[in-house]
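Working notes for the structure below.
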Amino acid sequence: MNIIEKAIAIQANLDIVTPGERLTIEPRFLFITGKNAMNVIREFIELGYKKVLNPSRAIFTSETDTPFSELSKMKNFCDEHGVSLLEKGEIYTIDAMDGKYSNLQGYVVAGIDSFIGRFGAQGAIPLLVTLRAMADCLGTGKVELAVPEMVYIEVDGALNAGVTAEKMCSYLLDYFNDSLAGYGIIIGGKTVEQLDETGRRVLARFIYESGATLGIISSGGPFGQVESVMKIDARSI
């Protein structure tokens, strides 16, 4: 098993998982962020849940332009269920978080928008889920997942002058087009290792913009077997 499959196995309470297997896992943390946060609350109520199962493992964030009426409802929900509510922009990096958010490395974390992708740059394994799946997860602590086939993308070599993480992300999107949809992606290599925290977060956007199910930035490699390996020469970017 590779780094992603090992994390999935741990959170599914299994010794081993294989591609194609459908599992129920318990994400380590839930990030309900962006413009659809209030819609998750609506789904939660519609599904008939009365309480958030693990309130200490969930966090809501509001948008700067969230209407006051919706912000008030969101605050009431979070107060009632003991869930943290932060203003947009308060969550930046795992390292910058206080104790209860700092132990996410190596764990699957779930979110409803591209915000969740940044944690793939910091050692966690982000999983993008639907609004209803997130509402279910708030109520049950669990989410269903079909284990995808894994692709390791190794980027090696020196970047040409002026090539940024943003350009690397765009290059990879053009290179792979939609061929990675539904796969799990592990991105590593010596070039990736040289990126700073901001650069890794930018590169992590590629995971979700490519249509992948989940993925991680792992400069040390996949740490196990994958179905495919793609090698990219950084000098071609």
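Quick notes
- For residue 89, the criteria (1) over 19 Å from the mean Cα position of the chain (by Cα); (2) modelled with pLDDT under 95; (3) at positive phi hold in every case but one, which is (1).
- Filter result for residue 162 (farther than 27 Å from residue 31 by Cα and not assigned by TED's automatic domain parsing to the domain that holds residue 16): yes
- The residue that is farthest from residue 3 (Cα to Cα), among those in segment 201-229 that are of a type in the set (D, E, K, R) and modelled with pLDDT under 90, is 209.
- If you go through segment 142-161 and pick out every residue that is surrounded by fewer than 19 Cβ atoms within 10 Å (Cβ to Cβ), out of contact with any helix residue (DSSP H, G or I) (no Cβ under 8 Å at 6 or more places or on another chain) and part of a loop (DSSP other than H, G, I, E, B), you end up with 2.
- Members of segment 162-181 that are in contact (Cβ under 8 Å) with a residue 40 or more places away in the chain and part of a loop (DSSP other than H, G, I, E, B): 163
- Residue within segment 190-212 that is of a type in the set (Gly, Ala, Ser), free of Cβ contacts under 8 Å to residues at least 40 places away in the same chain, part of a loop (DSSP other than H, G, I, E, B) and in contact with a helix residue (DSSP H, G or I) (Cβ under 8 Å, 6 or more places away or on another chain) present: yes
- Of all residues assigned to segment 37-52, none qualifies as being over 30 Å from residue 5 (Cβ atoms), assigned to a loop (DSSP other than H, G, I, E, B) and within 22 Å of the chain's Cα centre (by Cα).
- Residue under evaluation residue 181, criteria (1) among the small types (Gly, Ala, Ser); (2) out of contact with any Asp or Glu (no Cβ under 8 Å at 6 or more places or on another chain); (3) within 16 Å of residue 120 (Cβ to Cβ), criterion not met: (3)
- Checking residue 102 against (1) at pLDDT below 90; (2) out of contact with any Leu (no Cβ under 7 Å at 6 or more places or on another chain); (3) surrounded by 13 or more Cβ atoms within 10 Å (Cβ to Cβ), the condition it does not meet: (3)
The values are calculated or read from the model by the stated rules, or taken from the named source; none is laboratory data. Quick caveat: nothing in here was measured; it's all calculated off a predicted structure. All Cβ positions, glycine included, derive from the backbone under ideal geometry; neighbour counts span all protein chains shown.
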